[in-house]
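**Q** Before I ask anything, here is the structure I am working with.
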Amino acid sequence: MIIWFHKIVLVFLISYFYGVSLQCSVTDTKSLLEGCDRLMGLNVTSVGGTMVNDHNCDVLLPKQVFMEEPLFQYPLADTKKFYSIIMVDPDAPPQVEGEFYLHMLKSNIPGLALKAEESSKTVGIDYRGYKAPTPPRGTGTHRYMSLLYEQADGNNFLPFVPTSRNRFVLAKWLRGKNLCGPVAAIQFRSQF
């Protein structure tokens, strides 16, 4: 009983003083496709000032609105932690379950940067720079999902960068990474 108690105290002290999370959970990517009930908390603002947030999640916008990399904001970000943003299109052809088109992979984003109100671009390391929405003619409406993950290893995250944006398998890519979440997400829709 005493050894068990000491282990609990040790875990608490490590978590408290070093900000280390010893338990990390990752949401099943399939459940993220269920829509805005699962995608909450992240704000995305275009260079022109159009904001997508919890109040208008899944809004249909002209593809020109997000031609340049938007600003990502997460008001609940922990200023002592680092985050990664992954932006994907699950509706890109060929539509194969679990595969996405990778629009962006940015990591080592300081929590403080996600709380910033005055900025034009989110600070971080671009492992796959932003690629604007470009839904092909005749493919219907596409969802553009931005997923924010907490980095359990602080700013030491060095991801394996996918060689291609096409047919990106998010669930497979997340395996072995020490990313928690997504802790916040949002989506908008666009068409040709």
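The values are calculated or read from the model by the stated rules, or taken from the named source; none is laboratory data. In this text the structure is predicted, and so the values were computed from the model without any measurement. Using ideal geometry, Cβ is built from the backbone for each residue, glycine included, and neighbour counts are taken over all protein chains shown. Please note that ligands, DNA and RNA were not included when accessible areas were found on the heavy atoms of the full protein model with its side chains. Shrake-Rupley method; radii C 1.70, N 1.55, O 1.52, S 1.80 Å.
Yes/no per residue for (1) out of contact with any strand residue (DSSP E or B) (no Cβ under 9 Å at 6 or more places or on another chain); (2) within 23 Å of residue 59 (Cβ to Cβ):
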{"site": "138", "(1), (2)": "yes, yes"}
{"site": "144", "(1), (2)": "no, yes"}
{"site": "158", "(1), (2)": "no, no"}
{"site": "161", "(1), (2)": "no, no"}
{"site": "166", "(1), (2)": "no, no"}
{"site": "171", "(1), (2)": "no, no"}
{"site": "186", "(1), (2)": "no, yes"}
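**Q** Those residues that are of a type in the set (S, T, N, Q) and under 29 Å from residue 155 (Cβ atoms), I need them from the stretch 84-143; list them, please.
**A** The answer is 84, 107, 108, 119, 120, 122.
**Q** Among the residues of the stretch 43-81, write down those that are out of contact with any helix residue (DSSP H, G or I) (no Cβ under 7 Å at 6 or more places or on another chain) and closer than 19 Å to residue 152 by Cα.
**A** 76
**Q** For the stretch 182-190, indicate whether the set of residues that are modelled with pLDDT of 90 or more, outside any strand (DSSP E or B) and of a type outside the set (S, T, N, Q) is non-empty.
**A** no
**Q** Select from the stretch 100-115 the residues that are modelled with pLDDT under 95 and closer than 16 Å to residue 169 by Cβ and list them in ascending order.
**A** Answer for the stretch 100-115, where residues must be modelled with pLDDT under 95 and closer than 16 Å to residue 169 by Cβ: there is none.
**Q** At least 3 residues that are without any contact (Cβ under 8 Å) to a residue 60 or more places away in the chain, under 19 Å from residue 186 (Cβ atoms) and open to solvent by less than 10 Å² (accessible area, probe 1.4 Å) in each: list the strands (runs of 3 or more DSSP E) lying fully within the stretch 64-169 that qualify.
**A** Result: 99-110.
**Q** So which residues in the stretch 2-49 are β-branched (Val, Ile, Thr) and at pLDDT below 85, if there are any at all?
**A** 2, 3, 8, 9, 11, 14, 20, 26, 27, 29
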